[in-house]
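A quick write-up on the structure given underneath.
The values are calculated or read from the model by the stated rules, or taken from the named source; none is laboratory data. None of these values were measured; they are calculated from a predicted model. Here the Cβ positions follow ideal geometry from the backbone for every residue, glycine too, while neighbour counts run over all protein chains shown.
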Amino acid sequence: MPNSDLFGRKHTAYEMLWKYMDLSDYIIAAARYGGPLAFMRDSSRLIVLGRGVPAISKSEIRIYSSVGEGLLVFTWEHCKIIRFGWTHDERLAVLNEEGVYRIYDLQGDYEQFSLGNDAGEMGIIDARIHEHGLVALTGGLTLLEVKGWEGGKPLALANPGISEPPTAWTAIPPDQTISRHVEVLLSSEATIISVDTLESTDQRISRGPFTHLTASPNGKMLALLTFSGVLWVVSTDFQQSRLEFDTNSQAVEGAVEGGVRQVEWCGNDAILVTWDGLAVLVGPLGDCLRYFYPGSVHAVSEIDGVRIVSTGTCDFLEKVPAPIFSIFKPGSTSPGAVLYDACDLYERRSPKSDEHIRSIRPELASAVDECIDAASREWDPYWQRRLLNAAKFGRSFLDLYNPVDFVAMGQALKVLNAVRFYTVGIPITYIQYTHQSPSHLISRLTARALHLLALRVSTHLGLKPDAVLKHWACAKIARSKVPTASSGASASESGDNEICKLIVEKFNSLGRGDVSYADIAKRAWDVGRAGLATQLLDHESRAADQVPLLLTMKEDKLALTKAVDSGDTDLIYHVLLHLHKRLPLGNFFRLIEEGGPRLSLASRLLQVYAREQNRDMLRDFYYSDDRRLESAILALDEATGMTDGGAKVTSVKAAQKFLSEDKEHAFEAKMMDESVRLLTFQQQLEKDAPTLGPFVGLSINDTIKNCIVNGMSRKADKIKSDWKVPDKRFWYLKLQALTDMADFEALDVFAKSKRSPIGYEPFVRLLLEKGHQREAISYVARCDANRRIDLYVECDDWRSAGKECKERNNKARLEELRRTCPNTLIVRELDQIAASMA
Amino acid sequence: MPASTITTTTHDDRADMLDTSLLKELARRSLIDVLNSVNGPKTLVLDPSIAGPLGLVAEVSLLKDHGVDKMFWLESGPLTASTVNIVYLCRPLIKYVKIVADQIKRHIQSPTSQRHTYTLFLVPRVSTLATRILEEEGVLGELTVAAYNLQFIPLEEDVISMEYEGAFKEIWVDGDETAIYDSAQALLTLQRVYGMFPRMVGQGDKAARLIRLLKKVPSQTHTPQLSQTSSDKIDALIVLDRQTDLLTPLLTQLTYEGLVDEMLGIKNTNVEVPASLLAPPTNPDPGATASSSPSAGASATGLSKEVKEKKKKHPLTAGTDPLLRELRDLNFAHVGRKLSKIARRLEEDYKSRLKAKTVAQLKVFVGKLGGLQGEHQSLKLHTGLSELLVPLTRTDIFNSSLEIQQNLLSSYDIPAQLSAIEDLIAQGAPQNTVMRLICLASLTSGGIKPKVLENLKREVLQSYGYDRLPLLLNLGSSPCSLFTPSNSPALKFPYTQVRKQLRLVVEESDPVAAAEVDAGRAEDRDLSYTYSGYAPLSCRLVQCVAQKGGVLALPVGKSGVGNGDAGAGAGAEDGRVRAHPIMGWKGFEDVVGLLPGETVDEVGDGDGEPSPIRGSLSLGGTHATTTTVVFFLGGCTFSEIAGMRWMSRQTKGRRYLIATTGMMNGNGMMDGFRGT
């Protein structure tokens, strides 16, 4: 090894199962975390036929596991594939030049989405696919981003403003950028342009153009390779330059021809540069290690290393992990190393073991931890076991030690060894495993249809087996024989029963009844087994999952009932709107009406919706159900919003008609009759006196007041008699109107016209309130005798109040007045009155 | 009992409360997530009904920090925004969604306008209805639709609210149960935070529906983090739907905060007051502001001046207002006296500066000065507010409506009350006042004679306009049937029985009570202080579950008789009774059965039968305090909150957390019936 700290460890995970393949003939996309590899013919290369190797035909895409076992082959018959890559859940996304992309799972089922018409017209010339989305470069040299794999709407990024396709580019996924939005780096001419959703920034670099441009797995660093072969490592914000390294010398020393094929990160701090037949690992300080291969290789960057797939092997190359290094470094005296030695000596029955343990007594706990940690980094079960044994040995000398880590590590290693076994072929490291979470690993296993293993792993780790069971059931249904039409209905039914029973039993025994049946039922429906779907759906407890499928199965009534029972109004709307679209209006109404009180919630919701959005439908709905009252209210509601008098009358008349058809609402009908009369009367008023402002729509009270204020008291009297306005109310109204006008003469005439039905106190009060104190006093004398004193006080007329006391001979009250009055002047006057009383 | 002990105990009680600020943090954090999901500067368009609640969760600076450039109301008409990103935040109501669609369409059609990226956040969740309307309007492809899950917002440390004003109307007038579903979701969040409710008690059909949803949903969600263990902090959830107690909101609230709400309106804890009341105190002599009740005439003119003055919003929360805690739940009759007492105390405190002789003493005084000024400011505000209220409570209409209410509650001479209502109509009383009285009359007397009712309706239609007919029809036909003719076959509210059995009306005739009223301690005697003689039915129902002694017995201070098993021996040292464990409706099944709607009593999963000694008595002996969550489905009034707080003070070992869909009062309720 060269004179530096770079220690590499190359572990040959597998000897490939495939027969001879020249990797240089293919375009390869590999999934991270030891995932599968997708192969496609590189149409720009000639390949030699007839060497006994079945070459992949031009339109084929093949998927191999890391051990070289074929997982899937499918043909692609659309236009040219631009790019393919893996999603986080190990599905293969394939994008063609028309902007259409498909996402294949490992069973060959796919979903298809499109980047939209614009993209289709411009054409897609390149794309970068990351785990949670893709960025496409269009023919117009603009960028489109798709977030997630649910067919989300493509979002245009800022225009990079380049005139030629970039020589190299990359997209940094949103979860690794500071802004949490995707960032694209394009090498254009001598510089790099970074683009996000908002803006495109020229980084003003002058050493380009670059042939390779790769971001580290954590998105913090960037590796660039110039045309002259200089590898330059810089932080993604271009603030810190970390390393410059001339690769040409390596190529010369390694005696390889041709250019650099790949620049890939090995973990976050080393870089692998590959040529045909040579891979060079460049460390953070510019030190390097060389590895030779026969033929070309394909390197896959991982978060803690790099996977190198060659014709014959699948290797995992990493910097030697720190715990391993500290234990196994020759001459190491770290606690872990001493503990490991002690254990080794103990097994060889050497008394020195005890001496070793004593020497690290204070750090024993950390030594145990180190051994456990080291075990996690080992590929070979032999070394794993040895290290764990050392940990166990050390632990026995500790009084208090929490064994959780130890146990968990044992479990994890068992799982890892199982999935690394060549029949499964997932060369995943412990770090990747914890980074991705165990449940993700389980879902990867299920995606490969390894249900039994997945189930065992999830039970071993104490995880819920739902997902596995669900996937299993779907596969079961898909694979079970569809009964042929000739074998008759009964046969198909018994077949359905059998499968349903099988699934339900399995779920109950393993899934603790927690598994959702809706997805499975949907699967059954998709493969054309309606009977089975219905049966399965009966077991589903969540309405939100049940209802959509019921709708597709045209079980309208059931869907609506289930939705109403769930209480989720949104779900009910979903059903209602769906049915409204699909069914003829009559049938739709009947469905709701026949539901009776059980579906009343649906009926009410439909009315709420229709009132805002579709009044004609609501009118029809009420009409078809003979709901006269509601029809009337609807008509009135419309009348309120109208400004045109004539239209208003028509609407109110319509309401009146609806009401009159119903005996129970005779009173309301009569009222509406009055309303129509009033509206016509008001229209007439407006016609007669167009200057006096609008009358239509006013209440009787306001009409009367308006008439009086505008000097049409005759009209007011007419309204009073025609609409039988009670005397009391009329008096109040006239009082208010006249006071508002401050027409005190008219008020006086009115007050004297006859005995007031409301008394005269309201006169006093209202006048006071409006600030006409003097006029108010004049009415106090007409009020009830025993109220007069108080009223005078309220009018601030203390003398009259005093006089009133005298008349009523109420000395006590007078005394009280004297006490509460505001100033001495009044006190004196009151004293005089008091004196005169005596 | 010396005053100091009272304050210390209440302080401890506060410490026992559930920490509701967690909920605020939750809402705040998800708001930040929502804002951050759109990159770069953005224009925020808010629906007015969400702005208030949002203000309780986050301040404007927080929005600015997360890229909000400008804010607009969601109003019909064109929208001009300078930023590329436009973010809409609204409830999924059809009218709002239509405005959004309209604005987007305008942008697309006008060739000159800038290209925008639209994001629509719906509160609390994405609705099919909204996406459907966007689809019908042809703009669904233009925008991204997502959810902002705003649920309970703490208004005070013991009140959390969804601040959804429309809940009552939607549930009981429109028949749209979205609010029930959303409430269930919000309560589930509560369970996620504090643990499962060990027991759920409820009254009313919709309450029953809510509880059923709560029971059902956990089995439906597959979220593993949902803790299935019963909460050790909460001993029960009591759900009351508003239909069970329509009576209380119809009455005029008489507590300070309640009256402010009735007269001036409190919206999302904000009240609009004349700006002058909020100016910092300029006069260091507090004596000048302490005049409690000026003569009616003078202040009436003062009022008209102040109306013209600029109004300003002021948050009415105990967090920022040191005096509010003492004032808000008092009967308004006692507020004046309390204010002058506070004023005197403040004066004393200010005077203490004169006594300060040494530098050290002066330093102590200066240290207190900030607090004093805060109190001074707050005192000025409340004195001003009371001055605004006093003339309003002296009007004829107000007083006769109060009198009618009291008479109707004690079922005294109903025909006379009905004609008094007619007189009010003649006098031109506000429509809502009149409608509330008619509804009250109908509820308390089991329906009004058809002829009389028709006459009243005619008067209403003529006075307020014939377009009020839908209102009258709604009142008569909705499930609440507040407007029933006495010959109608519909189920009637058994007011008289309920009144007797639940002691809804408490006579204040006895001299001891009068004496205590004078001493300002009336609120210590019974719940009924909140409405000057009427104990809110809703609070009584809560008592039936959680403070059984309070319903049956004479007021607590007087004797411990009838406090049942719980009261025995415990309450001796400070006059407060220890809370008994929750045992459902036990003892009150009969009277609760009389009320309309279903009665629910669900024991949570886990221990099967409730062990009667779980909760406060078994855990931690005498010092453990549990919280009972009371959820008002359809809204609650400030007076009811006052009642609940009164109950909190009465018992040791139990606090009440009031949860509601929103704050309401009778006027809002009537407005709900009006609109279709």
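Can you tell me how many residues in the stretch B:443-487 are within 23 Å of B:Leu594 (Cβ to Cβ), touching a residue at least 40 places away in the same chain (Cβ under 8 Å) and crowded, with 21+ Cβ neighbours inside 10 Å?
Count: 8.
Which one is nearest to the chain's Cα centre (by Cα) among residues in the stretch A:690-712 that are outside any helix (DSSP H, G or I) and closer than 23 Å to A:Asp644 by Cβ?
Here the residue is A:Gly697.
Looking at A:Ser600, A:Ser624, which is the one that is of a type in the set (Gly, Ala, Ser) and either more than 22 Å from B:Ile171 (Cα to Cα) or in contact with a helix residue (DSSP H, G or I) (Cβ under 8 Å, 6 or more places away or on another chain) (or both)?
Only one candidate qualifies: A:Ser624.
Restricting attention to the stretch B:128-175, which residues are within 30 Å of the chain's Cα centre (by Cα), of a type in the set (Gly, Ala, Ser) and either assigned to a loop (DSSP other than H, G, I, E, B) or at positive phi (or both)?
B:Gly166, B:Gly175
Given the criteria surrounded by fewer than 16 Cβ atoms within 10 Å (Cβ to Cβ), modelled with pLDDT under 85 and within 14 Å of chain A (Cβ to nearest Cβ), does B:Leu226 qualify?
Taking the combined requirement at face value, the residue satisfies it.
If you go through the stretch B:60-97 one residue at a time, how many are assigned to a helix (DSSP H, G or I) and within 13 Å of another protein chain (Cβ to nearest Cβ)?
4
If we keep just the residues of the stretch B:102-127 that are facing another protein chain (nearest Cβ under 10 Å) and not aliphatic (A, V, I, L, M), which is nearest to the chain's Cα centre (by Cα)?
Taking the candidates together, the pick is B:Arg125.
Quick one: which residue in A:Arg774, A:Arg787, A:Arg782 is away from chain B (no Cβ under 13 Å) and outside any loop (DSSP other than H, G, I, E, B)?
Testing whether each residue is away from chain B (no Cβ under 13 Å) and outside any loop (DSSP other than H, G, I, E, B) leaves just A:Arg774.
Does A:Leu272 count as under 27 Å from A:Gly219 (Cβ atoms) and in contact (Cβ under 8 Å) with a residue 60 or more places away in the chain?
It is false that A:Leu272 is under 27 Å from A:Gly219 (Cβ atoms) and in contact (Cβ under 8 Å) with a residue 60 or more places away in the chain.
Condition first: within 7 Å of chain A (Cβ to nearest Cβ) and of a type in the set (A, V, I, L, M, F, W, C). Now tell me which residues in the stretch B:457-475 satisfy that.
Once the filter is applied, which keeps residues that are within 7 Å of chain A (Cβ to nearest Cβ) and of a type in the set (A, V, I, L, M, F, W, C), the stretch B:457-475 yields B:Leu461, B:Leu469, B:Leu473.
Restricting the stretch B:68-97 to residues that are basic (Lys, Arg) and surrounded by fewer than 18 Cβ atoms within 10 Å (Cβ to Cβ), which is farthest from the chain's Cα centre (by Cα)?
This residue is B:Lys70.
I'd like the residue in the stretch B:428-442 that is part of a helix (DSSP H, G or I) and surrounded by fewer than 23 Cβ atoms within 10 Å (Cβ to Cβ) and, out of all such residues, is nearest to the other protein chains (Cβ to nearest Cβ).
By that ranking, first place goes to B:Gln431.
What single numbered condition from (1) away from chain B (no Cβ under 11 Å); (2) loosely packed, with under 15 Cβ neighbours inside 10 Å; (3) touching a helix residue (DSSP H, G or I) at 6+ places or on another chain (Cβ under 6 Å) fails to hold for A:Pro757?
For A:Pro757, the exception is condition (1).
Residue-wise test of (1) closer than 30 Å to A:Arg307 by Cα; (2) acidic (Asp, Glu); (3) crowded, with 18+ Cβ neighbours inside 10 Å; (4) at pLDDT below 90.
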site: A:Pro321; (1), (2), (3), (4): yes, no, yes, yes
site: A:Lys329; (1), (2), (3), (4): yes, no, no, yes
site: A:Ile357; (1), (2), (3), (4): no, no, yes, yes
site: A:Cys371; (1), (2), (3), (4): yes, no, yes, no
site: A:Leu387; (1), (2), (3), (4): yes, no, yes, no
site: A:Gln411; (1), (2), (3), (4): yes, no, no, no
site: A:Leu416; (1), (2), (3), (4): yes, no, yes, no
site: A:Tyr422; (1), (2), (3), (4): yes, no, no, yes
site: A:Ser437; (1), (2), (3), (4): yes, no, no, yes
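Kindly list the number of the only condition in (1) surrounded by 21 or more Cβ atoms within 10 Å (Cβ to Cβ); (2) within 17 Å of B:Gly666 (Cα to Cα) that fails for B:Phe493.
In the conditions (1) surrounded by 21 or more Cβ atoms within 10 Å (Cβ to Cβ); (2) within 17 Å of B:Gly666 (Cα to Cα), B:Phe493 misses (2) alone.
Being within 15 Å of A:Ala270 (Cβ to Cβ) and assigned to a loop (DSSP other than H, G, I, E, B) is the filter here; which residues of the stretch A:220-230 pass it?
Listed by number, the list holds a single entry, A:Lys220.
B:Glu403 - would you say it is farther than 30 Å from B:Asp349 by Cα and either at pLDDT below 90 or crowded, with 21+ Cβ neighbours inside 10 Å (or both)?
Spelling it out, it is not the case that B:Glu403 is farther than 30 Å from B:Asp349 by Cα and either at pLDDT below 90 or crowded, with 21+ Cβ neighbours inside 10 Å (or both).
Among the residues of the stretch B:371-409, how many are touching a helix residue (DSSP H, G or I) at 6+ places or on another chain (Cβ under 8 Å) and not in a helix (DSSP H, G or I)?
Looking only at that region, the number is 1.
Tell me, please, whether a residue that is among the small types (Gly, Ala, Ser) and more than 23 Å from A:Asp568 (Cα to Cα) can be found in the stretch A:519-526.
Yes; the residues of the stretch A:519-526 include at least one that is among the small types (Gly, Ala, Ser) and more than 23 Å from A:Asp568 (Cα to Cα).
Tell me, yes or no, whether the stretch A:668-675 has at least one residue that is crowded, with 19+ Cβ neighbours inside 10 Å, within 11 Å of chain B (Cβ to nearest Cβ), free of Cβ contacts under 8 Å to residues at least 12 places away in the same chain and assigned to a helix (DSSP H, G or I).
Yes, that holds for at least one residue.
Given the criteria more than 9 Å from chain B (Cβ to nearest Cβ), free of Cβ contacts under 8 Å to residues at least 12 places away in the same chain, closer than 30 Å to A:Glu668 by Cα and touching a helix residue (DSSP H, G or I) at 6+ places or on another chain (Cβ under 6 Å), does A:Met642 qualify?
yes
It is to be established whether one or more residues within the stretch A:336-351 are of a type outside the set (Lys, Arg) and within 25 Å of A:Leu224 (Cβ to Cβ).
Taking every residue of the stretch A:336-351 in turn, none turns out to be of a type outside the set (Lys, Arg) and within 25 Å of A:Leu224 (Cβ to Cβ).
Taking the conditions exactly as written (among the charged types (D, E, K, R) and away from chain B (no Cβ under 11 Å)), does A:Lys581 satisfy them or not?
So A:Lys581 fails the test.
Which is out of contact with any strand residue (DSSP E or B) (no Cβ under 8 Å at 6 or more places or on another chain), in a helix (DSSP H, G or I) and within 11 Å of another protein chain (Cβ to nearest Cβ), of A:Lys715, A:Lys657, A:Lys687, A:Lys720?
Of A:Lys715, A:Lys657, A:Lys687, A:Lys720, the one residue that is out of contact with any strand residue (DSSP E or B) (no Cβ under 8 Å at 6 or more places or on another chain), in a helix (DSSP H, G or I) and within 11 Å of another protein chain (Cβ to nearest Cβ) is A:Lys720.
Name the residue, out of A:Tyr609, A:Tyr622, that is surrounded by 17 or more Cβ atoms within 10 Å (Cβ to Cβ), facing chain B (nearest Cβ under 8 Å) and not in a loop (DSSP other than H, G, I, E, B).
From the options A:Tyr609, A:Tyr622, the qualifying one is A:Tyr609.
So, in the stretch B:131-144, how many residues would count as being under 21 Å from B:Thr43 (Cα atoms) and within 11 Å of another protein chain (Cβ to nearest Cβ)?
Number of matching residues: 5.
So that you can scan it fast, the table gives a plain yes or no per residue for (1) crowded, with 20+ Cβ neighbours inside 10 Å; (2) aliphatic (A, V, I, L, M):
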{"residue": "A:Leu92", "(1), (2)": "yes, yes"}
{"residue": "A:Val100", "(1), (2)": "no, yes"}
{"residue": "A:Asp126", "(1), (2)": "no, no"}
{"residue": "A:Thr138", "(1), (2)": "yes, no"}
{"residue": "A:Ala156", "(1), (2)": "no, yes"}
{"residue": "A:Ala171", "(1), (2)": "yes, yes"}
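Can you name the residue in the stretch A:661-698 that is of a type in the set (Gly, Ala, Ser) and at pLDDT 90 or above and is also nearest to A:Tyr623 (Cα to Cα) among such residues?
A:Ala669
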